[in-house]
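Working notes, structure below.
The values are calculated or read from the model by the stated rules, or taken from the named source; none is laboratory data. Nothing here was measured: the structure is a model prediction, and the numbers come from that model. With ideal geometry, Cβ positions are generated from the backbone for all residues, glycine too; neighbour counts draw on all protein chains shown.
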Amino acid sequence: MENALRYHIEIDLSQKDSPHAQLIRLTGRNKEVLEVGPATGYVTKVLQQRGCRVSCIENDPQAAQIAAAFSKRMIVADVETVDFASTFPEQRFDVITFGDVLEHLVDPLGVLIRLKEMLNRGGYIVASVPNIGHSSIRLALLKGRFEYTEKGLLDRTHLRFFTQQSLASLFHEAGYDVRTWRRIVLDPFSTEVEVREQDYPVWLSEAARGDAEGITYQYVVRAHPIKEAANGRVFSSFPKPPGRDLVDQLWCWDKDVQKEISVRDAALAEARDRLDATNAKVAERDALLAERDRSLQEVHAQLAEINESLGYRLLQSYRTRIGRLFPKGSRRGTPYRLMGSFVRRAAEARTETVSRRKRPTKDGSRGPGNQQ
């Protein structure tokens, strides 16, 4: 591996989301181990502390020199060119590990096939592999970006890229059954792939976080050689489809949004109907008020006409003269005042009759006395 020194880290086995810690746990204790690509031996050292006897294949001489201190045997070579039968003529292994190595190989399938013969009975392979299906990559692609980095999902030295399904297919084609899957989870906006949450709609960010494959930064797997029965039948548990992915999540979000829009439209239509009914009642009342205003105007006009009539003026003149001739309280003026009151009440009664005829009824029509 090119410049393997840049991958050096210190391992903390208490970290659940560490691919190296998961790889070590899946390897187990007191095993005969072949570690492919140990870099500076940070995993080798912990395996040795757990009682494992580790042989290594590393193509970076400088890193191999450091890792040799923790290994039983160090082979400085490209794993793709090693003749395993002649290199380990009498040695077989309980576990063969690939810690972030398969993605760097030109032909990982060929290596896995050839190494199958190097496993003891009951032996297995443990590998950690970055997930190109991580949501940070998908979100970056939505912006038209696919930029290599020094390390991580888009390490500039990666030759292969894997999703869960393609990784399972690789092992299955090589003759292995992946029996254990471990996920290293990382938030889409917390990786070395620089995507900012504020650059995307809230619903898209939530969908990216809701996809199990989308938040899986790396897979750590344990794969066993597929057993073949005497009748030639192969026993394999090829993984089921990974389940709902980001596209499914987006469809679900779309359905939810459409449902919310339908509910909102129904509520708006109901509110619009209520508003139309209210407006109709207001218009009806406005028409009644307008009719009453017209009736009052007609009554006032008739009163004005009465006030200007000769009879009304004579009545007013008569009342004025009676008031002068017979002061208030005079008994001699009583008959004359009674006559004036009678004439006044008759005029008021006629005015009330006219007003009643002009007044609109409940259905908007006028009284029967004014029907044409």
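With respect to (1) modelled with pLDDT of 95 or more; (2) β-branched (Val, Ile, Thr); (3) under 15 Å from the mean Cα position of the chain (by Cα), the lone exception for Val247 is condition (1).
The test for being surrounded by fewer than 22 Cβ atoms within 10 Å (Cβ to Cβ), without any contact (Cβ under 8 Å) to a residue 40 or more places away in the chain and in a strand (DSSP E or B) holds for Arg121.
If a residue must be part of a loop (DSSP other than H, G, I, E, B) and not acidic (Asp, Glu), how many such residues does the range 99-114 contain? I'd like the intermediate steps shown before the answer.
Going residue by residue through the range 99-114, those that are part of a loop (DSSP other than H, G, I, E, B) are 100-101, 105-107.
If we keep only those that are not acidic (Asp, Glu) too, we end up with 101, 105-106.
Qualifying residue count, the range 99-114: 3.
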